[in-house]
Amino acid sequence: MPLPLATGTWDEEELEAIRRVVDSDRYTMGAEVQSFELQFADFVGSKYCVMVNSGSSANLLAVASMIYAKGVNLSPGDEVIVPAVSWSTTFFPLHQYGLKLVFVDVDQTLNMDLGKVEDAISERTRAIFAVNLLGNPLEYGKLREIAIENDLVIFEDNCESLGATLDGRQAGTFGLLGTFSSYFSHHISTIEGGMIVTDHEELYHVLLSLRSHGWTRHLPDKNLLVEKSDVDFDESFRFILPGYNLRPVEFFGAVGQSQLRKLPDIVSGRRKNAQYFTERFSKIDGITIQREVGSSSWFGFAMILDRDGDRKKLLSLLDGMSVETRPIVAGNFTRNEVIKLMNYEIRGSLDFSDRIHNNGFFIGNHHYDVTKELEMVAALTEEYLEKNN
């Protein structure tokens with residue numbers, strides 16, 4: 001396939017990491033996961049990292065931890081502002097914990113329109129769940145001003161944007177919590193996997209407990225949740241929170257360490273492709289491309305066609321050239337049937353989100369040079385749009 005949506009970045013180093021786990025005969029969460037957590041926290045510049053079994057689980061635990069931590073003012077019934085364009089598991093944990101979703105439109109960055117965020121704040125608003133879509137950071141300087149002025153908490157879904165930076169700081173570290181994914185198609189891959197980072201010690205301890213059944217066993221001896229006994233037997237099955245089993249296996253932690261060492265080169269390769277994409281595709285009449293904020297890690301290359309009715313025909317042509325395509329995440333999420341089951345409100349119009357839903361799609365980006373393939377897509381797109389003008 002000339003331009004697949006995703007390709008692997010594993011080589012002998014990851015296979016050796018897997019063999020290291022097999023040789024250890026320890027497969028459940030242990031030293032390899034702990035080592036990866038320390039390395040990941042150091043890489044992004046956070047105090048703490050908790051690894052889980054997926055990016056979706058990372059979002060679930062992030063929301064849950066903010067409900068149960070005494071030092072965070074978030075309760076069922078509170079309003080959380082979210083972008084209309086994101087993945088389903090950005091939204092589902094908020095619903096599952098009794099929070100009201102307030103949807104606002106996005107702009108050409110594909111992230112929340114910050115003017116719409118300001119307009120959406122009410123007396124019930126307590127938090128903003130910011131999403132960095134397709135590798136692109138949100139404009140956090142302005143967002144933090146809004147949050148401080150209105151006494152709001154920011155937490156970040158950075159599952160698609162590992163390695164992106166803004167003002168020299170890693171995306172995913174601007175909020176009270178940040179979530180990441182190491183699923184196959186993402187910047188690094190541990191097969192499945194997700195991470196939560198925070199500088200907030202109480203949240204960190206809540207996350208550790210919630211990840212493992214809500215028990216005390218994995219908490220530090222000195223922690224902010226409970227006084228632990230000196231007797232290991234007493235702490236074996238002692239439950240303090242209604243938790244889950246979302247632990248990763250040792251393979252994830254071992255492979256993650258290898259992948260993390262490669263991440264700078266992976267992101268560098270993606271950015272080189274993006275230089276060509278932005279220069280070439282910005283000149284094509286009839287499409288809009290994502291506007292970069294800071295230094296995007298370019299998960300993929302999004303395009304929004306100006307005219308209704310063009311997408312189906314163009315995607316068919318691209319499919320014929322073995323170019324894989326997908327919707328821009330879930331499009332306007334409020335147009336999915338599941339919304340009928342959720343407590344939500346739309347504030348303001350969702351005009352740009354609707355444009356994305358009706359006319360948007362994205363193609364893959366990779367750590368290796370795909371400029372020839374991008375030129376093929378550009379030429380085909382130009383030819384189609386000119387012929388059908």
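The values are calculated or read from the model by the stated rules, or taken from the named source; none is laboratory data. Not measured: the values here are computed from a predicted model. With ideal geometry, Cβ positions are generated from the backbone for all residues, glycine too; neighbour counts draw on all protein chains shown. Note: areas computed on protein heavy atoms with side chains; ligands, DNA, RNA excluded. Shrake-Rupley method; radii C 1.70, N 1.55, O 1.52, S 1.80 Å.
Things worth noting here:
- Probing with 1.4 Å while keeping every protein chain in the model, the per residue accessible area of region 118-248 equals 42 Å².
- From most to least packed by mean Cβ count within 10 Å, the peptides 354-366, 373-385 give 354-366, 373-385.
- At R0 = 22 Å, FRET efficiency that the Cβ-Cβ distance of D42 and D265 yields, to 0.05: 0.80
- Here the chain has 49 percent of its accessible surface on carbon and sulfur atoms, given a 1.4 Å probe and all protein chains in place.
- Build a GNM of the chain with springs between Cα atoms under 10 Å apart, and of A64, A120, A274 the one that fluctuates most is A120.
- Amide hydrogen neighbours beyond the local backbone of V153, cut-off 5 Å, H modeled: A127, I128
- For semi-axes √(5λ) of the Cα gyration tensor in Å, calculated from these coordinates, the label among (1) 36, 27, 16; (2) 37, 26, 22; (3) 42, 28, 21: (1)
- In this label model, S236 and K142 are separated by 5.7 nm, measuring between points 7 Å along each Cα→Cβ vector.
- Residue-wise HN-Hα couplings along region 294-302, as the Karplus relation 6.51 cos²θ - 1.76 cosθ + 1.60 with θ = phi - 60° gives them from phi, are x, 10, 5, 9, 6, 4, x, 10, 8 Hz; Gly and Pro carry x.
- Whether region 221-303 is rounded, prolate or oblate, judged on the alpha carbon gyration tensor where a/c under 1.5 counts as rounded: prolate
- Mean ellipticity per residue at 222 nm, deg cm²/dmol - from DSSP H runs of n ≥ 4 across the chain, formula -39500 (n - 2.57): -12500 deg cm²/dmol
- Taking a Cβ cut-off of under 14 Å around S353, the surrounding Lys, Arg, Asp and Glu residues balance to a net charge of -1, with basic ones at +1 and acidic ones at -1.
- Peptides 140-152, 72-84, ordered by how many other C-beta atoms sit within 10 Å of their residues on average, highest first, read 72-84, 140-152.
- In order through region 361-367: 3J(HN,Hα) via Karplus (6.51 cos²θ - 1.76 cosθ + 1.60), integer Hz, x for Gly, Pro: 6, 9, 10, x, 10, 9, 7
- Region 48-108: C-alpha gyration tensor shape, a/c 1.5 cut-off, then a/b vs b/c: oblate
- Cα shape, region 336-378, gyration tensor, a/c 1.5 rule: prolate
- Placing R0 at 41 angstrom, the Cβ-Cβ distance between K312 and K272 gives a FRET efficiency of 0.85 after rounding to 0.05.
- Counting 0.36 nm for each residue step from D285 to S122 and taking away their Cα separation leaves a gain of 54.7 nm.
- From most to least packed by mean Cβ count within 10 Å, the peptides 240-249, 100-109 give 100-109, 240-249.
- Using a simple spin-label model with pseudo-atoms 7 Å out from Cα toward Cβ, N73 and E386 lie 6.0 nm apart.
- Nearest-ten-degree value, helix 310-320 long axis tilted from longest Cα axis of the chain: 80
- Along region 143-154 the Karplus relation, 6.51 cos²θ - 1.76 cosθ + 1.60 evaluated at θ = phi - 60°, assigns HN-Hα couplings of 4, 5, 4, 4, 5, 5, 4, 10, 6, 10, 8, 10 Hz to successive residues, with x for each Gly and Pro.
- Residues of region 51-83 with an amide N closer than 16 Å to a point placed 7 Å from the Cα of Q96 along the Cα-to-Cβ direction: 52-68, 76.
- For region 151-206, applying the loop criterion from DSSP together with a ceiling of 14 other beta carbons within 10 Å to the GluC sites (Glu not before Pro) yields no site.
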